[in-house]
């Protein structure tokens, strides 16, 4: 009887969660270091997470730690025709980070399935630049939009 109740509870929870986001089956969450340019202090990360849900396709979190204090613009550099960030690149503003006096700050951007619809089925490369009182960059990464 206990097994039956556990099975029914699992089915009920599974049904209740059917409309929620799940991890993307093709693209796995990436934590990409932001490296200072020109000897600036600090650094940070970009976390790029894709979901297979009806409301959120991708959520990106941008973090600066120990950076030069100030306000920064987060830019994604999209290279749609290469897997190594070469060739034509489109730079798109994504968020603004305002750090505290210690140079710590966060921002994020969320993209809906409608936002990424033109890229569905594509594989391309991208990198991020965070620019303001100092500049921080990521290396190149490959993304898949399924």
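Hey, what's the Kirkwood Rh for the stretch 21-145 if you take every pair of different alpha carbons, in angstrom? Please report the intermediate quantities before stating the final value.
Working: mean 1/r = 0.0675 Å⁻¹.
So the Kirkwood estimate lands at 14.8 Å.
For the stretch 102-129, list residues with backbone N below 20 Å from a point placed 7 Å from the Cα of residue 86 toward its Cβ?
Flagged as within label range: 123-128.
Per residue and in cubic angstrom, what volume does the convex hull of the Cα atoms of the stretch 97-146 have? Kindly include the intermediate steps, with their values, before the conclusion.
Values: hull volume 4.7 nm³, N = 50.
Each residue corresponds to 95 Å³ of Cα convex hull volume.
Test of understanding: extend the Cα→C-beta vector of residue 124 to 7 Å, then name every residue of the stretch 54-88 with backbone N under 18 Å from that spot.
Only 57-60, 75-88 fall inside the zone, counting backbone N under 18 Å.
Which order do 97, 32, 92 fall in if you start with the one that has the fewest other Cβ atoms within 10 Å?
Final ranking by Cβ density, sparse to dense: 92, 32, 97.
State, to one decimal in nm, how far the label point of residue 31 lies from the label point of residue 110, with both points 7 Å from Cα in the Cβ direction.
2.3
Throughout, read-outs are computed from the coordinates displayed, never taken from laboratory work. Since the model is a prediction, treat every value here as computed from it, not as a measurement. All Cβ positions, glycine included, derive from the backbone under ideal geometry; neighbour counts span all protein chains shown.
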